[in-house]
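Just below is one structure, and these are the notes that go with it.
The values are calculated or read from the model by the stated rules, or taken from the named source; none is laboratory data. Bear in mind the structure is a predicted one, so any value in this text is a computation, not a measurement. Glycine also receives a Cβ, built like all others from the backbone with ideal geometry; neighbour counts cover every protein chain displayed.
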C-alpha cells in the first residue's frame, strides 16, 4: 500500500518534457509570439552576415570596381537588420525568462505541496536533504536549460532551416551531401543522449547524497563535538563530495564525446562538400564563386548543429532534474484526502471506533492485530504498554497518518478515509513526542495551532496550561526566538510549546503521544490537571509510559504485542494483577526510589 | 554581503585566480587545448583558402580534377578539423576537471569549517543556508571555469587578429578596434547592474531552500495539524520573490547578450562604410577593407567567449562572498595542548560559572541572556551526582558546559583539575561522554552509530548494547548490527534511538559519563534495567545525571537542585526533601498526585 518517492521518474526524454510542460503550463503561454520573435532573430542572424558577404563581393570587389553607393545602401540595410535582430533577441530573452520563471515557480510549488500531501511513511522513506533538492537545485537545472539552452536550441533549429533553404538555392546536390553527412550523426547523438542522460541522472542523485552528508554535519553538530568525531564525519562528507565530483566529471566526459562527434562531423562535412563541389565545379555544373558562397553557408548550417548537440546534452541534465521533480509529483499520495467528495463532520464531542484494525508497515510483519476499541465522547483514555507494543501505531492510525491494512477506524461513525482532511485536522490533533518547532518566536510557534490567534489568545492558552511562570522566565516572553528546530529551548520546553500549540488549535480529540516525556514531574502534573479541567467536553487519548497519566485517565487501555490485553479504570486494573498491575508496580517503585 | 558595492572586474579576476591556484595543471591543460582550438579555427580558414588557390581553382580552370587533387583537398581540411577537435576535447575535459576539482576542494573546506566552528556559530546560521553555501554557492562560484579556458585560448586569436589588422591598415584597424572599448563599456554597465540582482537571487535561492528544509523537517507536525496550505503559502511567498528576482536577472542578461552580439557587427559595418569611401578616393585597396572586415567578424567570436566569462563573473563574486563568509568565520573554541590522563574515573568541577547566550528579538536586535549564574558543581571521581530542576532551569546547559560544548563567560570548568580550555582538541571526548536529551543518529549502520569509527569489536558492541538494554531489539533488526538506521535514525523509535545513544557512550568506557535525561523515551522497567546495568558495568565511573525519576535520583550520592540557572541547594535526597521545598514539590509530584486521586476516588466511591 505505501510507496516510496520515485528516485526519478521512468519517463523517456520526450515524455518527460511533455509532462514537464504540462506541469508548468506557463511555459506554453505566449510561446507562439516568442517563437515568431525567435524566427525573426534567427533570420537576422543569417541575413546580416549574408548581406555583409554580398556587400563585400559586389560593392567592394565588384567587377566594375568599388561602388560606395551600393556599400552605403547595404550597410544601412544591415544596420536596420542588426537593430531589429537585437530588439527581437531582447524580447525573446525577456519573454522566455518570464515564462520559464513563472512555469518553474509553479513546478516548485506543485512539488512542494505534493511532498506534504504524501503519506507520512512515504515522506519518511526519503531523506530530507533529497526532498529539498527536488524543489530547489533540481528545478534550477531546468531553468538554466530553458533560459539559456532552450532559446539557443530554438534559434539553432531556425538557423538550420534558413541555412538549408539558402543552400538549396545555390546547389541542391551539395545540400543533399551536407544532410547525408549529418544523418549518421543523428543516430550517434541519439545513442549518446541515453548515455549522457544516465550520467546526469547519477549526478543529480549524488547531489542528494552530498546534501544529506553535509546536513549531518550541520544538524548533528552537538553530537559530533561531544564525541570528537569530526574526522570521521569529514571522511563521510568527503566520500559524498568525491562521489559527486567523479559523477560530474563522468557526465562531462560523456557529453564532450557527444559534442565532439558533432564537431568532427561538421568539419568533415566541410571537407566532403569541398571535394564534391570541386568535382561539380570542374565539370562545369557550378561556378567557383557559387562553391565558395556555398562553403560560407555550410558554416552557417554546421554552427547551429554543433550548438544543438551541445544543448541536447544540457537538455539531458535538465531532463534528469525534471524527472526527479516529476518523480515526486507522480508519487501517489496513498493516504489521500478525499477532498470535495469527503464528509465534513460537525464540531462537538467525538466518538472513535476501531473495527478489526490490523496494521503492518510496508514489507514488515503485522504490528497490530485485529483491534476493536471504542472510545466514548468526553472520555480521557490512556494507552499504555511496553516500547514496541504498538501503542504509537494506534495513535497514527487514529489521526490518519497511516491507513490500516485491514479493518477501519471510524470517527463519529464515519470511516476516516471518507473524512475530509480539513475537517479531520480541525477535530483531531496529534502531539508527538518530538514536536518540531519552527525557527521563529514562541508566539508564532504557538499560533501555528490557530493562525488567526491574537497575542491574548496565545497568552491565555499558556496561562490556562499553567505555564505563565515558565513564560516569564524566558528572556523575551512571547517574543523569544526559539532557534532552529527550537534548539534554543530544552527538549522539555519544546514539548511545552508543542502542547500549547495543540491546545490553542482546540480540537475535539487531542492525541498525546508521549507529549510530556521530557517535562519535569511537577509541571507535568500541573499540565495534566489543566488539560483535564479544560478537556471536559473534549476527548483525549494519551500514550505515556509515565503512568501518572494512566492514573488520571477515565480508562486505561493496555496494549501488549499488538493486541489490547486489558482495559478499564486504573484502580480496577491495578487490582487485577495483570500486565497493567506489573507495569504500574514498576513505575510506582521508581517514584518511591 | 556587498550588494551595493559593484564588485570590480579586478576583484572577480582575483577570485578566479584563487581557483586557478588550486588546479593549475588542469587549468593549464584546458588553456592549452583551447589554444590549439583557437589556432586551428584560424587555420581552417587558411587551409580552405590554400586548397582553393592551389587545387580547386586550377581544377575548375582546367575543367578536370584528379583523384590526387581531391585527396589533397580532403586531407588538408579534414586534418585541420581533426586537430581542432582534439583541442576541443582536451579543453573541455580539462575544464571539467578544473571546475569540479576546485568545487570539490571548496566543498571540503566549507564543510571542514562546519565541523570546526563552535556550536554557538551553528545556532546563528540556519541549516538550509549552510547547505546552500556548501552546494549551490560553491557551484555558482566556480561555474566560471566552464567558459574561461575557451575565452583565454581564443585570446590568441584576438591578439593575432589585432596585429594583422594593424599591419593591413592602421586607420581601418582603429575603427575596428573601437569595438573593444565599446564592449568593455557595455560590460562595465552590465556588471554594475547585474551584481546586486544576482546577489539578491542567490540569497533568495538560499531562502527557498531554508523554507523547504524547515518545512520538510516539520512534515509530521504540518500534516497532523493540517497546515499544508499555510506551509504552501509560506513557500509560495519566497518562491515568488525568487521568481521576480530571476526575471530581473534575465532582463539584464537579455539586454546584455544582444548588445554584445551586435557590437562587432556594427564594427564590421563601419569598416565597410568608411572603407568604401577610402577605396573610392583611392586611399586604400579594396582587399585591405575586406580583410579588416573579415578579421573583425573572426574576432567577434573570441569576444563573445569573453562575454560569456564576463556574464558569469557576477555570479562568481556573489557565490564567493557567501562561501568566503563561511571560510572566514572565526570564533572557534581555542584549544590548548594538555592531554587528560586515562585512569578509572575523573573528577569534574564547575567553579563559579556564568553563561549567557546571544538572543535576537523580533526586530533583529541582539542582546545577551544570562542562563547560568555563578554555578559551582563538583562531581568527585567515581561519584554519581544528580542534577534536578524544573523544565528550562538550565540543566542541559550545565551538561554542555561540563564537556566543553560551550565555554563559560566567567568561572572555570575542569576535569581532574585541568581547565578544559587548556585541553587539546578532541581531548575531552577521549575521557568523557554525553548522552544528550535529544539523540542524533547518523545515516549509518547500528554498529557505525555506536562505534563512530573507533576500533571496537563485535563483542564490545554487543556488550554496550546489553548495558543499554538494546540487545533484544537489535537482534530482531533485519541485518542485526549491520542494519542501516536511516537518516537521523528514522527507522527506529525514540526509545530505541536513546538506547543506541547510551550504548554509544558506554562503549567508550568514559571516565565521566553525563546523562541528560537520557532515558526519557524508554519504559520504566527498561530504564531500571539500564540503570542497574550501568551501575554494575561502570564501576568507578563519574556520573552526572539529569533526572526526574526518583529511581534515578536515589542512585545518586548527591543531588544538586537548580532553579533558573542557580544552584538552590545540594545534598542527599533526604536532606533536600527536608529543607528544599522546590525539590520536594518536584520529586513527589507523582506520589502526591496519586494520593490525591486515590483520595478523590475514595470520596467518589463513598458518595456513590
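Here's the yes/no breakdown for (1) away from chain B (no Cβ under 14 Å); (2) surrounded by 18 or more Cβ atoms within 10 Å (Cβ to Cβ); (3) modelled with pLDDT of 85 or more:
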{"position": "A:341", "(1), (2), (3)": "yes, no, yes"}
{"position": "A:346", "(1), (2), (3)": "yes, no, yes"}
{"position": "A:361", "(1), (2), (3)": "no, no, yes"}
{"position": "A:366", "(1), (2), (3)": "yes, no, yes"}
{"position": "A:371", "(1), (2), (3)": "yes, yes, yes"}
{"position": "A:380", "(1), (2), (3)": "no, yes, yes"}
{"position": "A:386", "(1), (2), (3)": "no, yes, no"}
{"position": "A:396", "(1), (2), (3)": "no, yes, yes"}
- request: Considering only residues that are within 19 Å of residue B:526 (Cβ to Cβ) and in contact (Cβ under 8 Å) with a residue 24 or more places away in the chain, look in region B:424-448 and name the one that is farthest from the other protein chains (Cβ to nearest Cβ).
  value: B:446
- prompt: Tell me, which residue of region A:493-523 that is at the interface with chain B (Cβ under 7 Å from one of its Cβ atoms) and within 32 Å of the chain's Cα centre (by Cα) is nearest to residue A:386 (Cα to Cα)?
  reply: A:514
statement: Subset of region A:553-567, residues more than 16 Å from residue A:392 (Cβ to Cβ), modelled with pLDDT of 90 or more and surrounded by 16 or more Cβ atoms within 10 Å (Cβ to Cβ), comes to A:555, A:556, A:566, A:567
- prompt: Residue check, residue A:198 against (1) more than 7 Å from chain B (Cβ to nearest Cβ); (2) within 30 Å of residue A:61 (Cα to Cα), all met but one. Which one?
  reply: (2)
query: Does region B:553-590 hold any residues that are at the interface with chain A (Cβ under 8 Å from one of its Cβ atoms), touching a residue at least 12 places away in the same chain (Cβ under 8 Å) and surrounded by fewer than 17 Cβ atoms within 10 Å (Cβ to Cβ), and which are they?
result: B:564
- prompt: So, in region B:506-552, of the ones that are within 36 Å of the chain's Cα centre (by Cα), surrounded by fewer than 24 Cβ atoms within 10 Å (Cβ to Cβ) and without any contact (Cβ under 8 Å) to a residue 60 or more places away in the chain, which residue ends up nearest to the other protein chains (Cβ to nearest Cβ)?
  reply: B:507
message: Taking the conditions exactly as written (at the interface with chain A (Cβ under 9 Å from one of its Cβ atoms) and assigned to a helix (DSSP H, G or I)), does residue B:73 satisfy them or not?
response: yes
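May I ask you to verify whether residue B:173 is more than 14 Å from every other protein chain (Cβ to nearest Cβ) and in contact (Cβ under 8 Å) with a residue 60 or more places away in the chain? I'd like the intermediate steps shown before the answer.
Working: more than 14 Å from every other protein chain (Cβ to nearest Cβ): yes; in contact (Cβ under 8 Å) with a residue 60 or more places away in the chain: yes.
So residue B:173 fits the description; yes.
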message: Can you report the number of residues in region A:237-253 which are buried (at least 19 other Cβ atoms within 10 Å of the Cβ) and either over 20 Å from residue B:139 (Cα atoms) or facing chain B (nearest Cβ under 7 Å) (or both)?
response: 6
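Look through region A:55-80, keep the residues that are in contact with a helix residue (DSSP H, G or I) (Cβ under 7 Å, 6 or more places away or on another chain) and more than 9 Å from chain B (Cβ to nearest Cβ), and return whichever of them is farthest from residue B:293 (Cα to Cα).
We begin by selecting, within region A:55-80, every residue in contact with a helix residue (DSSP H, G or I) (Cβ under 7 Å, 6 or more places away or on another chain); these are A:55-56, A:58-61, A:66-68, A:70-72, A:74-75, A:77-79.
Within this subset, residues satisfying the condition of being more than 9 Å from chain B (Cβ to nearest Cβ) are A:58, A:77.
On the way: A:58: 15, A:77: 17 Å.
Result: A:77.
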- request: Give region A:286-334 a look and list any residue that's part of a loop (DSSP other than H, G, I, E, B) and modelled with pLDDT under 85, or say none.
  value: A:286, A:287, A:333, A:334
task: List the number of the failed condition for residue B:419; all other conditions in (1) away from every other protein chain (no Cβ under 14 Å); (2) at pLDDT below 90; (3) surrounded by fewer than 19 Cβ atoms within 10 Å (Cβ to Cβ) hold.
output: (2)
task: Go through (1) without any contact (Cβ under 8 Å) to a residue 60 or more places away in the chain; (2) within 14 Å of chain A (Cβ to nearest Cβ); (3) part of a helix (DSSP H, G or I) one by one and return the number of the condition residue B:308 breaks.
output: (1)
query: Any chance region B:101-117 includes a residue that's facing chain A (nearest Cβ under 7 Å), under 30 Å from residue A:296 (Cβ atoms) and at pLDDT 90 or above?
result: no
- prompt: Given the residues A:125, A:119, A:156, which is the only one that is assigned by TED's automatic domain parsing to the domain that holds residue A:259 and closer than 25 Å to residue B:132 by Cβ?
  reply: A:125
- prompt: Looking at B:348, B:356, B:376, B:337, which one is within 30 Å of residue B:582 (Cα to Cα) and either touching a helix residue (DSSP H, G or I) at 6+ places or on another chain (Cβ under 8 Å) or surrounded by 23 or more Cβ atoms within 10 Å (Cβ to Cβ) (or both)?
  reply: B:348
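Residue under question is residue A:204, and the condition is that it be surrounded by fewer than 21 Cβ atoms within 10 Å (Cβ to Cβ), within 14 Å of chain B (Cβ to nearest Cβ) and in a helix (DSSP H, G or I); does it hold?
Values: surrounded by fewer than 21 Cβ atoms within 10 Å (Cβ to Cβ): no; within 14 Å of chain B (Cβ to nearest Cβ): yes; in a helix (DSSP H, G or I): yes.
So residue A:204 fails the test.
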query: Restricting attention to region B:379-410, and to residues there that are in contact with a helix residue (DSSP H, G or I) (Cβ under 9 Å, 6 or more places away or on another chain) and assigned to a strand (DSSP E or B), which single residue is surrounded by the fewest Cβ atoms within 10 Å (Cβ to Cβ)?
result: B:384
query: Is it fair to say residue B:85 is under 25 Å from residue B:294 (Cβ atoms), surrounded by fewer than 21 Cβ atoms within 10 Å (Cβ to Cβ) and within 42 Å of the chain's Cα centre (by Cα)?
result: no
statement: Just one listed residue, out of B:264, B:286, is facing another protein chain (nearest Cβ under 7 Å) and touching a helix residue (DSSP H, G or I) at 6+ places or on another chain (Cβ under 7 Å), and it is B:286
- prompt: On the given criteria, is residue A:215 part of a helix (DSSP H, G or I), within 27 Å of the chain's Cα centre (by Cα), at the interface with chain B (Cβ under 9 Å from one of its Cβ atoms) and over 30 Å from residue B:502 (Cβ atoms)?
  reply: no
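Take residue B:126 and decide whether it is within 30 Å of residue B:207 (Cα to Cα) and surrounded by fewer than 21 Cβ atoms within 10 Å (Cβ to Cβ).
Numbers: within 30 Å of residue B:207 (Cα to Cα): yes; surrounded by fewer than 21 Cβ atoms within 10 Å (Cβ to Cβ): no.
Here the answer is no, as residue B:126 does not meet what is asked.
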- request: Filter the helices (runs of 4 or more DSSP H) completely within region A:30-147 down to those with at least 3 residues that are surrounded by fewer than 21 Cβ atoms within 10 Å (Cβ to Cβ) and free of Cβ contacts under 8 Å to residues at least 12 places away in the same chain.
  value: A:68-117
- request: Name the single residue, out of those in region A:430-465 being touching a residue at least 60 places away in the same chain (Cβ under 8 Å) and farther than 15 Å from residue A:492 by Cα, that is surrounded by the fewest Cβ atoms within 10 Å (Cβ to Cβ).
  value: A:464
task: List every residue pair whose Cβ atoms lie under 7 Å apart, where the two residues are 6 or more positions apart in sequence or sit on different chains, the first residue falls within region A:288-301 and is in the same structural domain as residue A:158 (by TED's automatic domain parsing), and the second residue, located anywhere, is at pLDDT below 80.
output: A:296/A:53; A:300/A:46
message: Which count do you get for residues in region A:452-463 that are in contact with a helix residue (DSSP H, G or I) (Cβ under 6 Å, 6 or more places away or on another chain) and within 20 Å of residue A:427 (Cβ to Cβ)?
response: 2
